[in-house]
1. Which FRET efficiency, nearest 0.05, do residue 242 and residue 198 yield, Cβ-Cβ r, R0 35 Å?
2. Report the calculated FRET efficiency for residue 71 and residue 218 (r = Cβ-Cβ distance, R0 = 51 Å), to the nearest 0.05.
3. Given (1) -0.40, -0.72; (2) -0.53, -0.76; (3) -0.29, -0.60 as candidate values of log10 I(q)/I(0) by the Debye sum over Cα atoms at q = 0.07, 0.10 Å⁻¹, which corresponds to the one derived from the coordinates?
4. Tell me the label-point distance for the pair residue 271, residue 149, using the 7 Å Cα-to-Cβ offset, in nm and rounded to one decimal.
5. Given a Förster distance of 30 Å, report the FRET efficiency between residue 294 and residue 263 from their Cβ-Cβ distance, rounded to the nearest 0.05.
6. Report the equivalent ellipsoid semi-axes for the range 207-302 in whole Å, largest first, defined as the square roots of five times the eigenvalues of the gyration tensor built from alpha carbon atoms.
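Since every read-out is calculated from the coordinates, none of them should be taken as a lab result. Given the structure is predicted, the values throughout are model-derived calculations rather than measurements. Because the Cβ atoms are built from the backbone with ideal geometry, glycine has one as well, and the counts that use them run over all protein chains shown.
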């Protein structure tokens, strides 16, 4: 007897004005229960289809496979339906895993197990007796992230499949009388497939950084400023040094809205030439919207 159940749920959740998530959920429940007195095996799979990321929504940043929960078990029972003593010897193995996605065709998460009984003697008309697998093994959550070129394979207007596969094998030797076995096996898991993306129309904030160039204690101080957006952005630029909790201004321009970063602007420059600086200096840079006073970006560097 076979039971395969899969449920797919789709949802869209905006997180902030600059990023969003699209989540598709699936639950797999793949089970077998088999009664026999001879060797038996099964190898089966069942898949669920997911939507690829629609590029009209924006730029795909990463794809997350989130396993919310999972469980598995294999249970083996034996019985004797005859009026005389009988014996049986069993060996079995099970394997379950997930397979198939646009850029990858190996097992992403699963299990493998095996066991055996040796020769067992059963009394006449003995009912089912459990010989292996009393409990259920539970697996906790995991998250695997796909980004870069691999994430690009999830972009399109079609679908991709994610499939559980369960194999079970049981070998019978030395059987006699009316001996039978029952093998129950189950592989269940619940997953979220999450697309993290930047929606179309979102204008990214300018970026800034401050760093040292050279080897302590003699080094230069370098700053980088960028506007990755497609529109000019006014910005006030502040750079400072802090020594023993006393802050000293190194640069302060643009509060009068005289500094505008063009679209696609990027520059890196040394604002302090190479020299010997005291230890323990904290350097900082901040870009501020001169109209609203909002901090657009900030970076801090503490020298040893």
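1. Values: r = 34 Å, r/R0 = 0.98.
Plugging the Cβ-Cβ distance into 1/(1 + (r/R0)^6) gives 0.55.
2. On the way: r = 60 Å, r/R0 = 1.19.
Efficiency for this residue pair is about 0.25.
3. (2)
4. 3.8
5. Details: r = 19 Å, r/R0 = 0.64.
Approximately 0.95, to the nearest 0.05.
6. Working: eigenvalues 130, 44, 19 Å².
Gyration-tensor ellipsoid for the range 207-302: 26, 15, 10 Å.
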